[in-house]
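These notes concern the structure reproduced below.
The values are calculated or read from the model by the stated rules, or taken from the named source; none is laboratory data. Keep in mind that what you see is a predicted model, and the values were worked out from it rather than measured. Every residue, glycine as well, gets a Cβ built from its backbone with ideal geometry; the counts of neighbours run over all protein chains shown. Remember, those area values only see protein heavy atoms, side chains included, never the ligands or the DNA or RNA. Shrake-Rupley method; radii C 1.70, N 1.55, O 1.52, S 1.80 Å.
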Amino acid sequence: MCYHKNGLSEFVAQQLPYVGKAVTKSQSVIDGNASFTDSAAAATALATGYKTTNGYLGVTKYNKSVQNVRELADAKGAKTAILTTDAITGATPGGFLVHHFSRSDTAILQKQIDALLEAGAIEYCKGSVDNK
């Protein structure tokens with residue numbers, strides 16, 4: 001929000017010339033195996049452009065790793081960071097960080113995040129829990 005001298009607010013993003021749309025319906029919903037898309041599948045869809053099974057992070061329904069936008073930026077030389085109010089191993093940040101078929105395997109997710117930090121693939125990474 002931008003606040004003007006008169007105290008009124010304006011949402012500046014409404015002035016941008018382009019609009020994007022994403023449908024994050026998970027493969028689980030498409031296949032009829034679930035009635036909702038969970039945050040792991042939604043984050044993976046937003047981060048990678050690929051639909052996946054509920055509970056999967058950064059992998060397709062066939063458990064094949066797919067590049068996410070943070071990895072693409074890193075590959076182009078950009079510094080990247082993840083900052084969240086969720087646990088850093090949570091499903092939403094996980095969609096931009098890891099590649100694993102279970103959002104519940106927090107030890108494996110944390111190992112992958114630690115490896116990214118050690119390799120310098122992430123400049124900064126912090127969540128409300130597991131503050132790495």
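So here's what we get for this one:
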| read-out | value |
| --- | --- |
| Inter-residue pairs, beta-carbon under 7 Å, first aliphatic (A, V, I, L, M) and in segment 4-27, second at pLDDT 80 or above and surrounded by 10 or more Cβ atoms within 10 Å (Cβ to Cβ), 6+ apart | 22/45; 22/46 |
| Selection count, segment 105-132, where residues are of a type in the set (Gly, Ala, Ser) and either within 13 Å of residue 90 (Cβ to Cβ) or modelled with pLDDT under 85 (or both) | 2 |
| Output for segment 77-132, where each listed residue is more than 25 Å from residue 37 (Cα to Cα) and without any contact (Cβ under 8 Å) to a residue 40 or more places away in the chain | 77, 78, 111, 114, 115, 116, 117, 118, 119, 120 |
| Residues that are of a type in the set (A, V, I, L, M, F, W, C), open to solvent by 70 Å² or more (accessible area, probe 1.4 Å) and more than 22 Å from residue 60 (Cα to Cα), drawn from segment 88-132 | 119, 129 |
| Breaking point among (1) surrounded by 21 or more Cβ atoms within 10 Å (Cβ to Cβ); (2) out of contact with any strand residue (DSSP E or B) (no Cβ under 8 Å at 6 or more places or on another chain); (3) in contact (Cβ under 8 Å) with a residue 24 or more places away in the chain, for residue 41 | (3) |
| Some residue of segment 46-56 being over 15 Å from the mean Cα position of the chain (by Cα), in contact (Cβ under 8 Å) with a residue 24 or more places away in the chain and open to solvent by 60 Å² or more (accessible area, probe 1.4 Å) | no |
| Any hit, segment 58-80, residues being touching an Asp or Glu at 6+ places or on another chain (Cβ under 9 Å), surrounded by fewer than 21 Cβ atoms within 10 Å (Cβ to Cβ) and either over 29 Å from residue 124 (Cβ atoms) or modelled with pLDDT of 95 or more (or both) | yes |
